[in-house]
Amino acid sequence: MFSATLITVVAAFAGVSWGILGGALPGISPSITMALLLPLTYSMDPTAAIVMLASTYVGAEYGGSIPAILIRTPGTNAAAATVIDGYAMKQQGRAGEALGISLYSGFVGGLFGLGVLVLLTEPLSTLALAFTPPAYCALGVLGLSVIASLARESLVKGLMAGVIGLMISTVGTDPVTGLSRFTFGSPDLLSGVPAILVMVGLFAVGELLVQSTERGWVQPAPERARIRFPGPALWRRIALPQAIGSVIGTFEGLMPGGGGAVSSFLAYNEARRWSRHKEEFGHGSPEGIAAPEAANNTVACTALVPMLSLGIPSSNSAAVLLGGFLMHGLIPGPMLFVSHAEVVDGLYAGLLAANIAMVIVGYVIMGPCIWLVSRPRPYLTAFIYALVVSGVFAIETSLFHVGLVLAFGVVGFGLRYVQAPLLPMVLGVVLGFMVESNYRRALVLSSGDHMTFLQDPVSAVFLALALLFVLGSVIGHARTRRRQA
């Protein structure tokens, strides 16, 4: 018994360490990090192998926030929302505080998600079955409604950026007919433009291009080379954003196609909506870090609910974990809890150890990370360029992908020049395929009847919420302009 527990804990620590490393490398998503580890678990004990893979998922979701805060480069899709206020805090000399909030919020979200996974696996797994193509489409529309809130000074510029993102999401193979669209004869575009390439290009390369045009590069002020966890006053302030992120992450994790990126943006938007310090968002708000980080770490656990109960992976990372189950002769589903209960119990214990390991490993690794960003800017810029190019090239060993990232860097530079927000474009890329594919499937199933979106109760609720969000944002923009006038 003791040896089995020790092996589980060691597997959790090893998985988290590898996951943080993979998540911190731009271009290496949690699913890729897990896939790289998958062959090494073939000869391991099934429980230890599953724990290591699941712990890698937990570590990678947190690890993506490290480069997001330090070098304005989201290591994972879900960390894109953390860039907004995380990097702003870093520029204010508060990188240690931002990293501490991220780690603490990730730990809170992970424990909340684990509680949901353990206590509500069977009841909540039925929720995913209620989602039809109209509901998935409406969920995507709900996510896109956040664009109205993200477009701060200019609603037109925000909508323009969102439309560009939606246009990019249409590149590739048609989800219904299978025909190629906007590929210009290039086989590299048949699978579409990966969202992580767009994010790395817009945020990382675009920021480097902006910095290269600034005069008089000065030595950055030295950061305190240690992490700073929030104190009691900050605990109370970020408690509500963490709760919002955890609840949104729970529902997003249960729904196939949702994932950490969608939950992070929704959590950020809702945290801003309910905050007493709305003016700080985008300029270094602790709440703007706490909400998305709690959300994506909650997803890392709740995404396993439909996978364990129904054998349906709700994300790419859950699909890799499903491959790990099948590789060891384990069939996820209701019978898994009967025939291999020890594996499920070991997974629960391993995820608890993984969340504890995330705090320990994250604390140890922060010192070197904060020291790194205090190096002279020319050296740091060259290192970031090398990191971006090597990370992107490692995804599919494709120079074409490297070219895409550089091209999106130029686009990001242009958007900054006209003072257009970047996040609406990112949101359009992330949600575009989800909205289009389910919209067209819904019309095929209903013989072209658009009333199917209102007849489906889940879809109708999501569409009503999206309408309320848009109207609220438009009214808020109008009031702001009147006050300024």
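Derivation of every value follows stated rules applied to the coordinates shown; laboratory data play no part. Note that the structure is a prediction, hence the values are computed from the model and not measured. Note that we place each Cβ from the backbone using ideal geometry, even for glycine, and neighbour counts take in every protein chain shown.
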Calc'd 3J(HN,Hα), region 97-107, phi into Karplus 6.51 cos²θ - 1.76 cosθ + 1.60 (θ = phi - 60°), Hz, glycine/Pro = x, comes to 5, 5, 5, x, 5, 4, 5, 5, 5, x, 5
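Please give the net charge around residue 50, taking every other residue with its beta carbon less than 12 angstrom from that of residue 50, where Lys and Arg add +1 and Asp and Glu add -1. Intermediate values should be presented prior to the final figure.
On the way: positive: none; negative: 45, 342, 345.
So the surrounding residues net to -3.
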Sorted by chain and then number, the residues having a modelled amide H within less than 5 Å of the amide H of residue 180, at least 5 places away or on another chain, are 174
Spelling it out for residue 120: with amide H atoms placed in the peptide plane at 1.01 Å from N, the residues 5 or more places away or on another chain with amide H under 5 Å from its amide H are none
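Compute the signed sum of charges (Lys and Arg +1, Asp and Glu -1) over the other residues within less than 13 Å, Cβ to Cβ, of residue 452. All intermediate terms of the calculation are to be shown ahead of the outcome.
Numbers: positive: 440, 441; negative: 449, 456.
Every neighbour counted, the sum reads 0.
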Output ordering of 76-87, 321-332, 45-56, 348-359 (per-residue mean of other Cβ within 10 Å, highest first) is 76-87, 45-56, 348-359, 321-332
HN-Hα couplings for region 273-279 via Karplus (6.51, -1.76, 1.60; θ = phi - 60°), in whole Hz with x for Gly/Pro, come out as 5, 9, 7, 8, 10, 4, 5
In deg cm²/dmol, rounded to the nearest 500, the helical mean residue ellipticity at 222 nm of the chain, built from -39500 (n - 2.57) for every DSSP H run of length 4 or more, is -23500 deg cm²/dmol
Protection proxy (average C-beta count within 10 Å per residue), highest first, orders 288-298, 178-188 as 288-298, 178-188
In whole Hz, the Karplus estimates of ³J(HN,Hα) for region 190-203 (6.51, -1.76, 1.60; θ = phi - 60°; x where Gly or Pro) are 4, 8, x, 9, x, 4, 5, 5, 4, 5, 4, x, 5, 7
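Could you please report the charge total around residue 101, scoring K, R as +1 and D, E as -1 over all other residues with beta-carbon less than 14 angstrom from its beta-carbon?
Net of charged neighbours comes to 0.
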